[in-house]
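Structure record follows, encoded as structure tokens.
Nothing in this text is a laboratory measurement; each read-out follows from the coordinates by a stated rule. These figures come from a predicted structure and were not determined experimentally. When we count neighbours, we look across all protein chains shown, and the Cβ atoms used for this are built from the backbone with ideal geometry, even at glycine.
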């Protein structure tokens, strides 16, 4: 029977200069669904190569719902071993690229090896070609995409900029000019392979096991989505609605390198200001009625964004109260190929280091909080590894070790990943979620809304966190957007109608738990320890300004107690390692 899987994958070996079309492993597809989960299983099967080793694979994956008619099903993910954390990485992008992979006839693209000189890979329904790209090396992502789409009309392109070429550890992969596989350094892995871009094109049909049922389900869901209040808010204000909400309601807006949870200049960064200063117009991904993205056009420039995270870290985190300056920094990051979150956190770290006199005399004078000139200069220096940018390009964990002088106190990272989402000083639940996720990103689980609304309790927080992480793991396998405001009970029937496989919420949650345990086992094999499940010292030694622990200090003893309860619920030992019994129960004991 036809199904929403394409039942084909393509494997490319850049070292050998070969490619082959294969059939995916059905057992892995059954147990891990697609996207993040399937990518993790494939990564485990590749061994534990160093991030910049030719043997470390880079895998672009879709899910069973990617490219189907359900809203927000446009997404795809890139999986590899992260050069920033040394652990498992799955980074997701919206737009059209995921659907393009499916329309080319594949569930995923698996790339290993390294070319001797710059190349790009072109993927079509007939297979893959490895083509010369020396003339594109050194160019930005926007120019690269324009050039390749000129050569291959109708294609979709994922490319790296100079940051990826120079192995900046938080370099991203850009697609459609302004969308990214953003976190963890997948762009640097591409650069290490001399791979400038992956071009995808095709018009293959995506089928359904039960097309009538899928269509009926979708009609009901779309009607409810259009009436949902969250949809209208995101359409009107975009993700930067969280600037005002984080400041006025949550008191967790990252400010001055996480020193504060409120920014006096926040009004200059709100959605309302962005609309006025940047001429925002709503836009969005393929087949999405939410349309949360905004196209900004100002002073002859344009960028899709800035999004909340970008504004929080390139803006308030650096004390920049200027929408145009943040948008320009956003555009630079997109074109040079830098993750805006890690870039912003790393730059605010440098600003604090300079303020404390820990850098060279020249950098101490030049780098300042609140300076748009400092912000833009550092974005360029990091991407090109020039001057202090060469140290900052390693990320805050390594940079703080090189700078020394106590700078690790304000290096805001967990297990190597610059944290995102909120300032944990105003939102304790996010601190626990960030410390226990496979990497410290708000995309692993967003608890801020519930804490801000007073719906959480400390005693039940570990279970709430584990359940939420499992839910998000599943969404990242299907793959649908986090902003689709419906639970797994609503998504399970779509999976069954699409694939023909019996699917319930309980079955999907078991997949989510399986993924979390396997990612944990992989990360610990890669060197993560219980000691890495820790918060930056700042969050223990400075008073909590809002949320569950408002007015208190988050002691290490209390946090350790919450960690141990979380481990117990997960079936992990006191060091945070999944027990043999847990691995066997989840059916993953033979995968790593």
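Observations
- Extension gain, residue 25 to residue 557, is 187.0 nm, computed as 0.36 nm per intervening residue step minus the present C-alpha separation.
- Inter-part distance where the range 467-500 and the range 384-444 are each reduced to a Cα centre, Å: 29
- Cα convex hull volume per residue for the range 467-535 (Å³): 109
- For the chain, the Stokes-Einstein estimate of translational diffusion at 10 °C and a viscosity of 1.306 mPa s comes to 67 µm²/s, using the Kirkwood hydrodynamic radius over alpha-carbon pairs.
- Estimated from the Cβ-Cβ distance and a Förster radius of 41 angstrom, the FRET efficiency linking residue 405 and residue 224 is about 0.15.
- Rg and Dmax of the range 185-268, based on Cα coordinates, read 21.7, 55 Å.
- Cα gyration tensor category, rounded, prolate or oblate, for the range 424-585 with a/c compared to 1.5: oblate
- Helix-only [θ]222 nm of the chain, DSSP H runs n ≥ 4, -39500 (n - 2.57) each, per residue, nearest 500: -12000 deg cm²/dmol
- Tail weight of P(r) past 21 Å, computed on alpha-carbon pairs of the range 1-106, percent: 35
- Rounded, prolate or oblate (a/c below 1.5 giving rounded, otherwise prolate when a/b exceeds b/c) for the range 143-243 by Cα gyration tensor: oblate
- Extension gain, residue 568 back to residue 249 (0.36 nm per residue minus Cα-Cα distance, nm): 111.5 nm
- The slack between residue 541 and residue 298, meaning 0.36 nm per residue of separation minus the straight C-alpha distance, is 83.3 nm.
- Cα→Cβ-extended label distance, 7 Å offset, between residue 589 and residue 151, nm: 5.0
- With a cut-off of 13 Å on the backbone N, the residues of the range 206-240 near the modelled label site 7 Å out from residue 486 along Cα-Cβ are 213-228.
- Global geometry of the range 240-417, whether rounded, prolate or oblate, following the gyration tensor of its Cα atoms and the 1.5 cut on a/c: prolate
- FRET E, pair residue 204, residue 291, Förster distance 25 Å, beta-carbon r, rounded to 0.05: 0.40
- Using a Förster distance of 45 Å, the FRET efficiency for residue 525-residue 137 (Cβ separation, nearest 0.05): 0.85
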